[in-house]
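What follows is a short report on a single structure.
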Amino acid sequence: MTKEGKLTGIQKAAILFITLGPEASSAIIKRLPESEIQKITYEIANITTVSSDIRKEILDEFLAMNQARDYIKEGGLDYAKVLLGKALGQQKAQEILEKVSEATQQYRPFAIARRADAHQLINVIANEHPQTIALILCYLQSDKAAQVIAELPEDLQSDVAYRLATMSSTSPMVVKEIEKVLESKLSSVVRTETTVIGGLQTIVDILNQVDRTTEKNITEGLEREDAELADKIKSSMFVFEDIILLDDVAIQRVLREVDNKELALALKGCSEEVANAIFKNQSKRAAASLKEDMEYLGPVRITDVEKAQQKIVSIIRRLDDAGEIIISRGGEDAIIV
């Protein structure tokens, strides 16, 4: 994981939620806009390791920003600056106040440009007048503006840089007009990106937190609208590694439905914890036979392993729907009898 100073706001939010844990994070994240939830979820899924130092820095920054907001509400910006300065030092206090001011500002032009990927933005504005490009860059995050200007044609880079350096003021009407045109060009692109990275996982995360009855009502409704989507959602809600969440009786019930060759393939490459959960719910003879089958398989393709695991997950979901086993879940304590 990169240093804290080079992380984006979305990445910091993802690490913060990982640090806070699922219970506290779910209470916060559900209050965020859906587009932000999708982006944060995507980052959480892609973060593998985070050092304790980075987690501490981000948690400290989060606490300091909340403290700054409280001070501003209580006595204004100058009051907050004095109190934060005593606690954090003047330089750190100024950094925190700038971030809070940016986050709480009600309107900033070119919000859609700040959300867009740098490459998408370049494709849209590369043929605009240098003065227009310079104006847009003024409102971007500095790292994104740097990416954009670096990918402009060489003969355009210096022209845009000159206009940036010499720009002093622009009519609000001109800013609004350019923003309107840019939003029209970017809206479909940015919306597509958001859908790709977050839609399915967002509803999966939500359904994993609700009670069993609510989940069933939603998935049954989705089955009527889009059976394929409903299957994807149900499959994503319980992954093969989650077998360890089942009790021994449930695992034994599942194993009665599973072909041994399929099981041997599914266990290739899985964690030791999952394998042990299976072995301990078999007879010694059956477990030994399964281990022999796994060794006999030798190297296998990941795609074949994933297909075998998905078949077993489908069996688990079917048994859960039939009430023959119970999958531990968040939300209310719903029991299927």
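The values are calculated or read from the model by the stated rules, or taken from the named source; none is laboratory data. The structure presented is a predicted model; accordingly, all values stated were derived computationally and were not measured. Glycine also receives a Cβ, built like all others from the backbone with ideal geometry; neighbour counts cover every protein chain displayed. Surface accessibility is based on the protein's heavy atoms, side chains included, excluding ligands, DNA and RNA. Shrake-Rupley method; radii C 1.70, N 1.55, O 1.52, S 1.80 Å.
Below, the figures for the structure above:
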| item | result |
| --- | --- |
| Those residues of the range 124-147 which are farther than 22 Å from residue 7 by Cα and either touching a residue at least 12 places away in the same chain (Cβ under 8 Å) or within 23 Å of the chain's Cα centre (by Cα) (or both), in sequence order | 124, 125, 126, 130, 131, 132, 133, 134, 135, 136 |
| In the range 137-163, residue least open to solvent (accessible area, probe 1.4 Å) [restricted to those that are among the β-branched types (Val, Ile, Thr) and farther than 18 Å from residue 185 by Cα] | 160 |
| Cβ pairs under 8 Å, 6+ apart, first in the range 59-70 and free of Cβ contacts under 8 Å to residues at least 24 places away in the same chain, second of a type in the set (A, V, I, L, M, F, W, C) and surrounded by fewer than 16 Cβ atoms within 10 Å (Cβ to Cβ) | 67/87 |
| Enumerated helices (runs of 4 or more DSSP H) restricted to the range 49-128, each holding at least 1 residues that are crowded, with 17+ Cβ neighbours inside 10 Å, among the aromatic types (Phe, Trp, Tyr) and modelled with pLDDT under 75 | 52-88 |
| Cβ-Cβ under 8 Å pairs, at least 6 apart or on other chains, the range 2-29 side modelled with pLDDT of 80 or more, far side among the acidic types (Asp, Glu) | 10/36; 10/43; 11/43; 12/4; 12/61; 13/36; 13/43; 14/43 |
| Residue, most open to solvent (accessible area, probe 1.4 Å), within the range 257-306, restricted to residues that are under 24 Å from residue 319 (Cβ atoms) and among the hydroxyl-bearing types (Ser, Thr, Tyr) | 283 |
| Check on residue 188, in contact with a Ser or Thr (Cβ under 9 Å, 6 or more places away or on another chain), at pLDDT below 80 and part of a helix (DSSP H, G or I) | no |
| Residues of the range 26-48 satisfying the condition of being open to solvent by 90 Å² or more (accessible area, probe 1.4 Å) and closer than 15 Å to residue 9 by Cβ | 42 |
| Considering residues of the range 137-152 that are outside any helix (DSSP H, G or I) and not hydroxyl-bearing (Ser, Thr, Tyr) only, the residue farthest from residue 169 (Cα to Cα) | 152 |
| Residue count, the range 227-256 (criterion: outside any helix (DSSP H, G or I), open to solvent by 50 Å² or more (accessible area, probe 1.4 Å) and touching a helix residue (DSSP H, G or I) at 6+ places or on another chain (Cβ under 9 Å)) | 1 |
| Flag if residue 134 is under 22 Å from residue 12 (Cα atoms), open to solvent by less than 20 Å² (accessible area, probe 1.4 Å), part of a helix (DSSP H, G or I) and not charged (D, E, K, R) | no |
